[in-house]
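Notes follow the structure.
The values are calculated or read from the model by the stated rules, or taken from the named source; none is laboratory data. Predicted, not measured: the structure shown is a model, and the values here were computed from it. Ideal geometry is used to build each Cβ from the backbone, glycine not excepted, and the neighbour counts take in all protein chains shown.
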Amino acid sequence: MERVHLISLGCPKNRVDSEVMVGQLRQGAFELVSSAEDADVIVVNTCSFIRPATEESIDTILEMAALKKTGRARKLVVTGCMVQRYGKSLELEMPEVDHFLGTGEYHRIAEVLQAREGEAARSYIDTPLYLHDEMAPRINSWAPHSAYLKLSEGCDHRCAFCIIPQLRGKLRSRTVPSLVTEARRLGEEGVKELNLVSQDSTAYGRDLSDGSDLGTLLRALGRIDTLSWIRLHYVYPLGVPESALRAIAEEPRVLKYVDIPLQHASGRMLKAMKRGVSREGQEKVLARIRDRIPNVTLRTTFIVGFPGETDADFAELCDFVDAEQFDRVGVFTYYPEDGTPAATLEGQVDEKVKKARQKELMKRQAVISRRKNKALIGSEATVLVDGPSKESPLVLVGRLATQAPDVDGQVWLTETDESVKAGQMRRVRITKATAHDLVGEVVD
């Protein structure tokens with residue numbers, strides 16, 4: 001039995017693809033190993049959304065290629081967004097790689113590895129059309145009690161800075177029954193928290209002929225009694241369906257949490273980014289979300305240093321953040337990506353200016369986050385225990401319903417005993433707070 005080691009880079013959506021590949025490999029009688037040094041085959045599932053992600057992918061591939069020369073591995077397979085982006089040119093640039101699979105071809109992984117020498121093509125890259133369904137033998141790799149559910153693939157928006165439509169293709173929504181079946185199976189396997197991801201969750205169902213939309217899906221998922229928390233990510237700010245807001249407000253298992261990437265607030269910048277929405281439009285959708293969902297947690301992300309961004313544009317963004325008082329904010333500096341309209345725009349911003357603006361905006365948000373977190377001191381809330389902290393394995397950590405895995409803060413648990421274990425939902429009294437994390441003691 002051949003041993004395979006898979007490295008998954010990039011976002012949760014890419015991780016789901018990796019989990020499908022792991023399931024297919026296990027069905028194909030391959031053994032999955034945790035160390036590349038012990039593997040006969042190494043698979044690298046790449047990310048290429050922005051330049052640093054591409055660089056990380058290249059560095060990882062070269063590191064694994066070196067291991068192939070000196071170690072046990074006889075094959076190196078590269079999959080994912082970087083392959084889709086650069087195509088067959090990688091065959092010449094990376095002779096150490098045996099096979100390349102694009103974003104619509106990763107389901108071929110077992111077939112390619114089982115093929116006899118010379119029978120499988122070196123590259124499988126085409127227009128992305130594949131969409132995994134409930135029959136895919138996916139193996140959850142995040143945590144026994146937490147998983148991601150990919151609602152759809154692709155995106156029909158054409159934001160000036162974004163390469164994703166070229167890498168992932170057009171919107172392709174999975175059906176409600178397919179998603180419910182997979183979600184129910186995850187719940188039966190012990191998953192309590194389901195994080196819904198896609199390139200554009202707002203658009204879910206627009207390509208389906210049965211009238212399903214995001215609200216329909218949330219209602220259906222909310223009826224799965226083995227799940228405790230269902231959290232929605234990647235809500236595009238244009239065309240948010242009323243049915244979805246009502247479902248979030250009314251379904252007990254659907255958390256009052258909305259991740260809505262806004263990218264900027266200056267009308268001039270939003271137009272240059274081709275976001276299809278103005279500052280006023282964003283303010284209206286935020287007001288509508290807050291009106292329909294009392295006590296909603298709002299998370300967003302912004303890009304600073306987009307071509308042509310002036311001090312006045314940045315000041316408007318800062319004012320917007322101060323006015324809206326978001327619960328969670330991520331700030332990224334703009335990277336010019338080849339193949340995107342923004343890469344050729346005039347007025348590229350100096351890197352030092354980008355970094356300074358990122359630091360300033362995060363500083364402003366830290367003030368807001370610290371105040372919101374300190375207001376929780378003395379209150380009690382349900383915490384999903386994740387297990388030992390990566391930074392300090394002797395200390396347990398968990399998260400509130402308002403804290404998504406990996407991107408938001410966490411709760412450091414004190415005064416715990418052996419009865420507190422990963423996957424439990426425990427009542428915790430908050431005792432301390434920082435801008436990012438909380439400290440609490442288990443009280444139940």
task: Kindly establish whether Thr297 is crowded, with 20+ Cβ neighbours inside 10 Å, out of contact with any Gly (no Cβ under 8 Å at 6 or more places or on another chain) and at pLDDT 95 or above.
output: yes
Note on Cys159: of the conditions (1) farther than 30 Å from Lys274 by Cα; (2) touching a residue at least 40 places away in the same chain (Cβ under 8 Å); (3) not basic (Lys, Arg), unmet is (1)
**Report entry** Filter result for Arg116 (touching a residue at least 60 places away in the same chain (Cβ under 8 Å), in a loop (DSSP other than H, G, I, E, B) and on the phi < 0 side of the Ramachandran plot)
**Finding:** no
Scanning segment 3-21 for residues that are under 19 Å from the mean Cα position of the chain (by Cα) and farther than 20 Å from Leu196 by Cα gives Leu6, Ile7
Checked segment 422-444 for anything surrounded by fewer than 15 Cβ atoms within 10 Å (Cβ to Cβ), within 23 Å of Pro144 (Cβ to Cβ) and at pLDDT 95 or above; matches are Arg427
Restricting attention to segment 221-255, the residues that are in contact with a strand residue (DSSP E or B) (Cβ under 6 Å, 6 or more places away or on another chain), part of a loop (DSSP other than H, G, I, E, B) and β-branched (Val, Ile, Thr) number exactly 1
In segment 66-83, anything surrounded by 19 or more Cβ atoms within 10 Å (Cβ to Cβ) and in a helix (DSSP H, G or I) is listed as Lys68, Cys81, Met82, Val83
task = For segment 98-107, indicate whether the set of residues that are closer than 23 Å to Ala39 by Cα, touching a Pro at 6+ places or on another chain (Cβ under 9 Å) and outside any helix (DSSP H, G or I) is non-empty.
result = yes
Lys363 being farther than 24 Å from His233 by Cβ and more than 25 Å from the chain's Cα centre (by Cα):
no
Of the residues in segment 347-360 that are more than 27 Å from the chain's Cα centre (by Cα) and in a helix (DSSP H, G or I), the one that is nearest to Ala272 (Cα to Cα) is Val353
Is segment 202-220 home to any residue that is touching a strand residue (DSSP E or B) at 6+ places or on another chain (Cβ under 6 Å) and in contact (Cβ under 8 Å) with a residue 60 or more places away in the chain? no
Filtering segment 146-160 for residues that are acidic (Asp, Glu) and crowded, with 21+ Cβ neighbours inside 10 Å leaves a count of 1
Given (1) outside the structural domain of Gly87 (by TED's automatic domain parsing); (2) more than 23 Å from Trp229 (Cα to Cα); (3) of a type outside the set (Asp, Glu); (4) touching a Lys or Arg at 6+ places or on another chain (Cβ under 7 Å), Ala136 misses just (4)
Does Phe302 qualify as being crowded, with 19+ Cβ neighbours inside 10 Å, touching a Leu at 6+ places or on another chain (Cβ under 9 Å) and over 24 Å from Leu232 (Cβ atoms)?
no
If you go through segment 161-173 one residue at a time, do you hit one that is under 20 Å from the mean Cα position of the chain (by Cα), within 29 Å of Leu400 (Cα to Cα) and assigned by TED's automatic domain parsing to the domain that holds Tyr257?
no
Output yes when any residue across segment 271-283 is in the same structural domain as Val353 (by TED's automatic domain parsing), on the phi > 0 side of the Ramachandran plot and either surrounded by fewer than 22 Cβ atoms within 10 Å (Cβ to Cβ) or without any contact (Cβ under 8 Å) to a residue 12 or more places away in the chain (or both), and no when none is.
-> yes
Of Val97, Val41, Val33, the only residue that is crowded, with 19+ Cβ neighbours inside 10 Å and farther than 30 Å from Lys170 by Cβ is Val41
Output for Cβ contacts, cut-off 9 Å, separation at least six or different chains, first residue outside the structural domain of Val296 (by TED's automatic domain parsing) in segment 307-327, second hydrophobic (A, V, I, L, M, F, W, C), reads none
Taking segment 381-405 and the residues there that are surrounded by 14 or more Cβ atoms within 10 Å (Cβ to Cβ) and charged (D, E, K, R), the one that is farthest from Val443 (Cα to Cα) would be Asp386
